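Trainee: I'd like to ask some things about the structure below.
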Amino acid sequence: MNINLTLFGQMIAFAIFVWFTKQFVWTPIMAALEERKGKIANGLAAAERGQHEQELAKKHAADELREAKAQAAEIIGQAQKRASGIIDEAKENARSEGGRLLTAAQAEIEQEANRVRETLREKVGELAVAGAEKILRREINADSHRDVVDAVAKQL
Amino acid sequence: MASGTLTSSEYIKHHLTNLTFGQHPDGSWGMAHSAEEAAEMGFMAIHVDTMLWSLGLGILFIFFAARAAKSASSDTPGGFQNFVEWIVDFIDESVRGSFTSKNDLVAPLAMTAFVWIFLMNLMDLVPVDLIPWLLGLLGVHFQKIVPSTDPNATFGMAIGVFLLTMYYSIKIKGVGGFLGELTLQPFQANNIVVKVLLIPVNFFLEFVSLIAKPISLSLRLFGNMYAGEMIFILIALMYSAGIVMGVFGGALQFVWAVFHILVITLQAFIFMTLTVVYMDMAHSEH
């Protein structure tokens with residue numbers, strides 16, 4: 001419990017330790033901490049920036065998607081219009097083709113009917129001639145009266 | 001572990017005597033062989049144990065701290081560096097809390113005071129007889145391993161802090177400002193005659209408060225650690241009083257040690273905080 005030279009020894013030791021701490025402990029550690037603080041701040045700022053960019057990209061993507069959807073809808077609409085147009089055209093074509101076929105068939109039928117009528121006429125003529133021949137055989141010659149027969153047949 | 005030849009009071013006295021190196025009254029230099037001899041050496045003596053333990057602990061601190069600081073970088077810190085940074089951060093925060101001016105010395109001063117005092121106080125948790133007994137086997141008869149129970153150590157630090165506050169007081173406020181602070185308050189007057197008359201009164205009050213700072217700073221730490229050490233010694237006395245008392249003493253020692261962890265940390269923290277506060281007062285006008 002005596003106060004003696006130890007007092008000065010302790011004072012000097014304390015001063016040296018304080019100086020040493022300031023020089024070799026505090027200053028470098030604080031520098032490192034400051035630097036890390038800066039790094040972290042930068043990192044956080046970068047993260048924020050990244051987030052912002054991501055948000056922008058998201059918005060952009062949504063816009064793009066909306067546009068694409070609109071485009072798709074337009075394309076579908078056009079396609080539908082075109083399809084109905086094609087269908088209409090096809091219907092029109094079918095109708096006209098049908099009409100043409102009908103006309104052709106009618107014409108053919110008419111022709112056939114005419115042909116049949118002609119044949120019938122001829123046959124009736126022949127029949128009539130045959131009948132008349134049979135009637136006239138006894139009194140007229142078929143050859144000499146052919147013009148008459150033909151004239152009759154024509155009138156049938 | 002008090003040997004049979006010692007009485008209780010001798011045992012206590014033995015434990016409270018520093019290993020002293022100094023000038024004997026007959027003029028020769030050497031170790032003191034008893035407490036009386038140590039006291040007779042007067043001022044021209046040095047407590048070898050206090051010096052060696054405190055220097056050893058201080059060197060231990062700066063060695064590890066400087067090693068951590070050397071490898072400190074802004075990358076992810078490793079385990080020990082993290083620990084040192086945690087202490088640095090804690091002290092930086094404390095200093096920022098009570099020191100308002102700008103001075104690069106205050107934070108390292110606070111860190112040194114805190115860690116060094118903490119380490120010196122920590123020696124209190126080593127069983128009181130262990131190291132003195134081991135050294136006794138080697139022929140060293142006195143050993144106080146807790147430097148902060150030596151008033152020389154606490155006064156040394158407190159006076160160091162005091163000199164720094166004086167230095168900064170005069171540097172910041174000038175000699176006039178410093179003397180004005182000492183003599184022109186707390187009682188103030190506009191009349192010049194009254195002012196002069198008040199100077200002795202003011203000086204007395206301010207001088208006492210100025211001197212009280214280092215004394216209270218060192219005595220607080222010394223008193224707490226000395227008392228704590230004393231209780232450990234008293235508990236250790238119980239070991240020589242039979243098995244029952246010995247076991248009871250062991251339990252007591254454990255409890256007191258656990259409680260003492262709080263005390264040593266708190267005292268180191270108080271010393272550091274007051275150091276910072278005194279430095280702050282030296283830097284600011286009031």
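The values are calculated or read from the model by the stated rules, or taken from the named source; none is laboratory data. All values derive from a computational prediction rather than experimental measurement. For neighbour counting, all protein chains shown are included, and Cβ atoms are generated from backbone atoms with ideal geometry for every residue, glycine included.
Trainee: Of A:ARG36, A:ARG95, A:ARG100, which residue is within 14 Å of another protein chain (Cβ to nearest Cβ), surrounded by 10 or more Cβ atoms within 10 Å (Cβ to Cβ) and farther than 30 Å from B:MET51 by Cα?
Mentor: Details: A:ARG95 fails: within 14 Å of another protein chain (Cβ to nearest Cβ); A:ARG100 fails: within 14 Å of another protein chain (Cβ to nearest Cβ).
The conditions single out A:ARG36.
Trainee: Further question: Which condition number does B:MET157 fail, the rest of (1) within 14 Å of chain A (Cβ to nearest Cβ); (2) more than 27 Å from the chain's Cα centre (by Cα) being met?
Mentor: Just one mismatch for B:MET157, condition (2).
Trainee: Got a number for residues in region B:67-99 being among the hydroxyl-bearing types (Ser, Thr, Tyr) and out of contact with any helix residue (DSSP H, G or I) (no Cβ under 6 Å at 6 or more places or on another chain)? So that I can check it myself, show each step before the final result.
Mentor: Residues of region B:67-99 that are among the hydroxyl-bearing types (Ser, Thr, Tyr), as a first pass: B:71, B:73-74, B:76, B:94, B:98.
Still in the list and also out of contact with any helix residue (DSSP H, G or I) (no Cβ under 6 Å at 6 or more places or on another chain): B:71, B:76, B:94.
Matching residues across region B:67-99 total 3.
Trainee: Of all residues in region B:30-48, count the ones that are part of a loop (DSSP other than H, G, I, E, B), without any contact (Cβ under 8 Å) to a residue 60 or more places away in the chain and crowded, with 20+ Cβ neighbours inside 10 Å.
Mentor: Going through region B:30-48, the residues part of a loop (DSSP other than H, G, I, E, B) turn out to be B:32-34, B:41-44.
Okay, now just the ones that are also without any contact (Cβ under 8 Å) to a residue 60 or more places away in the chain, so B:34, B:41-44.
Checking the rest, the ones that are also crowded, with 20+ Cβ neighbours inside 10 Å come to B:41.
So the count comes out to 1.
Trainee: Filter region B:77-105 down to the residues that are more than 10 Å from every other protein chain (Cβ to nearest Cβ), part of a helix (DSSP H, G or I) and touching a residue at least 60 places away in the same chain (Cβ under 8 Å) and list them by number.
Mentor: Start the filter on region B:77-105 by keeping residues that are more than 10 Å from every other protein chain (Cβ to nearest Cβ), which leaves B:78-80, B:82-83, B:86, B:90, B:93-103.
With the extra rule that they be part of a helix (DSSP H, G or I), the set shrinks to B:79-80, B:82-83, B:86, B:90, B:93-98.
Answer for region B:77-105, where residues must be more than 10 Å from every other protein chain (Cβ to nearest Cβ), part of a helix (DSSP H, G or I) and touching a residue at least 60 places away in the same chain (Cβ under 8 Å): B:SER94, B:VAL95, B:SER98.
Trainee: Among the candidates B:GLY139, B:GLY156, B:GLY160, B:GLY174, which residue alone is at pLDDT 85 or above and at positive phi?
Mentor: Numbers: B:GLY139 fails: at pLDDT 85 or above; B:GLY156 fails: at positive phi; B:GLY160 fails: at positive phi.
Going through B:GLY139, B:GLY156, B:GLY160, B:GLY174 in turn, the sole match is B:GLY174.
Trainee: Also: Run down B:LEU122, B:LEU109 and say which single residue is in contact (Cβ under 8 Å) with a residue 24 or more places away in the chain, in a helix (DSSP H, G or I) and buried (at least 22 other Cβ atoms within 10 Å of the Cβ).
Mentor: Just one listed residue meets the conditions, B:LEU109.
Trainee: Could you check A:LYS58 against (1) within 14 Å of another protein chain (Cβ to nearest Cβ); (2) of a type in the set (Lys, Arg); (3) out of contact with any helix residue (DSSP H, G or I) (no Cβ under 7 Å at 6 or more places or on another chain) and say which number it fails?
Mentor: Among (1) within 14 Å of another protein chain (Cβ to nearest Cβ); (2) of a type in the set (Lys, Arg); (3) out of contact with any helix residue (DSSP H, G or I) (no Cβ under 7 Å at 6 or more places or on another chain), the lone unmet condition for A:LYS58 is (1).
Trainee: Filter region B:125-150 down to the residues that are in a helix (DSSP H, G or I) and crowded, with 23+ Cβ neighbours inside 10 Å and list them by number. So that I can check it myself, show each step before the final result.
Mentor: Step one: filter region B:125-150 for residues in a helix (DSSP H, G or I), giving B:125, B:130-137, B:147-149.
Across region B:125-150, the qualifying residues are B:PRO147, B:SER148, B:THR149.
Trainee: Could you figure out which of (1) in contact (Cβ under 8 Å) with a residue 12 or more places away in the chain; (2) closer than 27 Å to B:GLU285 by Cβ isn't true of B:ASN191?
Mentor: Going through the list (1) in contact (Cβ under 8 Å) with a residue 12 or more places away in the chain; (2) closer than 27 Å to B:GLU285 by Cβ, B:ASN191 breaks only (1).
Trainee: Going through region B:49-73 one residue at a time, which ones are closer than 19 Å to B:VAL146 by Cα, of a type outside the set (D, E, K, R) and more than 9 Å from chain A (Cβ to nearest Cβ)?
Mentor: Listed by number, the residues that qualify are B:LEU52, B:TRP53, B:GLY56, B:LEU57, B:LEU60.
Trainee: Among what's in region B:183-236 and is of a type in the set (Ser, Thr, Tyr) and loosely packed, with under 15 Cβ neighbours inside 10 Å, pick the residue that is farthest from B:ILE12 (Cα to Cα).
Mentor: Of region B:183-236, the ones of a type in the set (Ser, Thr, Tyr) are B:183, B:209, B:216, B:218, B:226.
With loosely packed, with under 15 Cβ neighbours inside 10 Å added as a condition, the list becomes B:209, B:216.
Working: B:SER209: 35, B:SER216: 26 Å.
Filtering first and then ranking leaves B:SER209.
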